[in-house]
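Trainee: Okay, here's the structure, questions in a sec.
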Amino acid sequence: MAASYSDVADKQLDEIGASENIDLCNGLITVCEWILDDPGLAQEQSSVIPTGSGIVFRFPVPGFNPYKVFWTSAGPSVEVVFPHP
């Protein structure tokens, strides 16, 4: 399986990209690309959330607290992005 974005994450990133907050959009894209390019290092530096469907990783977007990128190692795949404590 190739690195990917879920339909939900793709839609969220499109909506944020269409907003006037270009810096947030760029920060999110930078984190997403890093996760997809180096999932091993990203996994080491992410928080782990156990779910009924398996492990989901959470990584903060530097400078844009409380935004986080939620992703899985299968692929890897960016699942969702949103403000989260």
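The values are calculated or read from the model by the stated rules, or taken from the named source; none is laboratory data. Just so it is clear, the model here is predicted, and its values are computed rather than measured. Here Cβ is always computed from backbone atoms with ideal geometry, including for glycine, and neighbour counts include all displayed protein chains. For the accessible areas, the whole protein counts, side chains as well, though only heavy atoms, and no ligand, DNA or RNA atoms are used. Shrake-Rupley method; radii C 1.70, N 1.55, O 1.52, S 1.80 Å.
Trainee: Looking at GLY75, GLY54, GLY63, which is the one that is at positive phi and in contact (Cβ under 8 Å) with a residue 60 or more places away in the chain?
Mentor: Exactly one residue qualifies, and that residue is GLY75.
Trainee: Also: Starting from residues that are in a loop (DSSP other than H, G, I, E, B) and not aliphatic (A, V, I, L, M), keep the ones in segment 1-60 and report whichever is most open to solvent (accessible area, probe 1.4 Å).
Mentor: GLU20
Trainee: Can I ask one more? If you go through segment 12-36, how many residues are free of Cβ contacts under 8 Å to residues at least 40 places away in the same chain, under 18 Å from PRO76 (Cα atoms) and not aliphatic (A, V, I, L, M)?
Mentor: Looking only at that region, the number is 3.
Trainee: Got a number for residues in segment 46-72 being in contact with a strand residue (DSSP E or B) (Cβ under 7 Å, 6 or more places away or on another chain), more than 16 Å from PRO83 (Cβ to Cβ) and of a type in the set (S, T, N, Q)?
Mentor: The number of residues fulfilling the criteria is 2.
Trainee: For segment 44-72, which positions are within 13 Å of TRP34 (Cα to Cα) and among the small types (Gly, Ala, Ser)?
Mentor: SER46, the sole residue that qualifies.
Trainee: Could you go through segment 71-80 and let me know if any residue there is in contact with a Cys (Cβ under 6 Å, 6 or more places away or on another chain) and under 25 Å from ASN21 (Cα atoms).
Mentor: Yes, because at least one residue in segment 71-80 is in contact with a Cys (Cβ under 6 Å, 6 or more places away or on another chain) and under 25 Å from ASN21 (Cα atoms).
Trainee: What are the pairs with Cβ atoms under 9 angstrom where one residue, in segment 37-48, is free of Cβ contacts under 8 Å to residues at least 60 places away in the same chain and of a type outside the set (Phe, Trp, Tyr) and the other, located anywhere, is open to solvent by 50 Å² or more (accessible area, probe 1.4 Å) and part of a helix (DSSP H, G or I)? Sequence gap at least six, or different chains.
Mentor: Pairs found: LEU41/TRP34; ALA42/TRP34.
Trainee: Now for a different question. Within segment 8-20, does at least one residue satisfy the condition of being in contact with a Pro (Cβ under 8 Å, 6 or more places away or on another chain) and either at negative phi or aliphatic (A, V, I, L, M) (or both)?
Mentor: no
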